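Here the structure comes first, spelled out in structure tokens, and everything after it is commentary.
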Amino acid sequence: MRAREFLLEYNRDITKKNYGDKIVRRWGDGAVNSLTIRKVRDKVVAGEPLDDNEQTVYDEAVNNIISKAELADPTPNKQYVQWLVRAWINGSLNLAEDILTTGSQFVKMWHELKTHRALPPKYSDINRIKARSDWNQAWVDIRAAYDNFAPSKPMAKGHAEELFNGPDVRIIRPHDEQAACYYGQGTQWCTAATQSHNMFDHYHSDGKLSIFIPKKPNHEGEKYQLWVHNDNGSYQLMDEHDDPLEEGGIEVLNSLFPSVTDKLLLKIHPSLVNHPQVNWQEYGSVKQQVVEKLLRDGYFKVAYSDLINMLNDGDENDEDHRVYVRDMKEQFQEMENEVIRVAQNATYDELTHYQYDANMIHIPNAIFDFIDTYEEHGWWYGDWKDDEVLLGFTQNIHDWFNRQMPWDKRNRERQGRLEPYYEIEKDENTGKWNVEYTGP
């Protein structure tokens, strides 16, 4: 088939039709921390129609991925777009930005090897690379074949500094793209991409990178890269395959390298003090403030007033009504206590199921999201959970939590800006985090 004929066949609408639902499912399964996209995902899975706003969310999510795949594809007939989209859907490419970096670099190497008939035999068809395990091995094999086919010139080291040289690991900080590429050789990091868009400047503008090179690697090519946001302490910790170390997050560094202590991490990345996995005391304080200020003194005070107003609509002289009011108040108190219990007992891992590296600023939303999941699945204890009237209040909880989400446009509007019902900020004098309820 001639290239012109193939070019006419490529159609974004067809790609969207074939992969749109799968793209939204991947977004909703945790590729992005957004309650909105997860709800669209749930409707897609259930086969339910989307309203206009949900359709807009759907279209934006799908077009985001397809556009990146089109930009990443080096061929004029866009013959690798669908493969790149599938690679992101199945998790071979972890982040959306990886389509433009690692994904683009891979298809460029593969296509050049194919053009010169230099592909390893088992990679004659790129569509055979399906699962994540296939992808990791293919990256190693294609990279090796490409290096043999087109040996690269010696790579400049760029500007970097050695932060630590311990018995089990060296820690290097690249200060420019050249250094990020040099010390990231053999990895799939977007900051080490040499033949596609490199993301070093993007990350470096907001935080510092540290590359961990084991003295006694457990496997060939073992490396880790830690990026920490300068202000809020959020981080990304990736292995050489650009997979996040989600289980244990940053704490896994100490198990890999005993010499890497919290004290050392805070020295090389001071903003980690804003992260719960380093500062558990402040995490406990923030969580307790959310429970007391946002839940007990915030929402529940309003919800209880609503309950009283509803109950007062009845005949106060009716003994049955008085008993009913008393029982309802008791059940409401039970419900409040149960929600407070759930929030107080939630572990960091439970709260951050959809955002494994959540920092202090994220904790209120993480709690709202966690309790919202409780409401959605009906995991409450107590007789009240089956009471139709009180279930209406759990729906109110559901709606109220949604309004707290910064990505949810139902937040109240003040002076033309969308704002959540709380403020959380760090006192620069004491270093403590303060949470304040700002709702009705």
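Points worth noting:
- A Cβ distance below 6 Å, combined with a sequence gap of six or more or placement on separate chains, defines the contacts here; from the stretch 261-289, residues that are free of Cβ contacts under 8 Å to residues at least 24 places away in the same chain and farther than 18 Å from Asn434 by Cβ reach residues that are outside any helix (DSSP H, G or I) and of a type in the set (A, V, I, L, M) in the pairs Asp262/Val278.
- Cβ pairs under 6 Å, 6+ apart, first in the stretch 221-234 and over 14 Å from Met360 (Cα atoms), second among the β-branched types (Val, Ile, Thr) and surrounded by 20 or more Cβ atoms within 10 Å (Cβ to Cβ): Lys223/Thr187; Gln225/Ile211
- Selection count, the stretch 234-261, where residues are of a type in the set (Asp, Glu) and surrounded by 16 or more Cβ atoms within 10 Å (Cβ to Cβ): 3
- In the stretch 59-92, the residues that are among the aliphatic types (A, V, I, L, M) and free of Cβ contacts under 8 Å to residues at least 24 places away in the same chain: Leu84
Here is a yes/no grid of residues against (1) polar (S, T, N, Q); (2) surrounded by 19 or more Cβ atoms within 10 Å (Cβ to Cβ):
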position: Lys157; (1), (2): no, no
position: Gln178; (1), (2): yes, no
position: Ser196; (1), (2): yes, yes
position: Ser210; (1), (2): yes, yes
position: Pro214; (1), (2): no, no
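- Candidate set: the stretch 90-147, residues that are outside any helix (DSSP H, G or I) and among the small types (Gly, Ala, Ser); chosen: the one nearest to His197 (Cα to Cα): Ser92
Residue by residue, here is whether (1) open to solvent by 40 Å² or more (accessible area, probe 1.4 Å); (2) at pLDDT 90 or above holds:
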position	(1), (2)
Glu9	yes, no
Ser34	no, no
Asp42	yes, no
Ile65	no, yes
Trp88	no, yes
Asn94	no, no
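The values are calculated or read from the model by the stated rules, or taken from the named source; none is laboratory data. Values in this document were obtained by computation on a predicted structure and should not be read as measured data. Backbone-built Cβ (ideal geometry, glycine too); neighbour counts: all protein chains shown. For the accessible areas, the whole protein counts, side chains as well, though only heavy atoms, and no ligand, DNA or RNA atoms are used. Shrake-Rupley method; radii C 1.70, N 1.55, O 1.52, S 1.80 Å.
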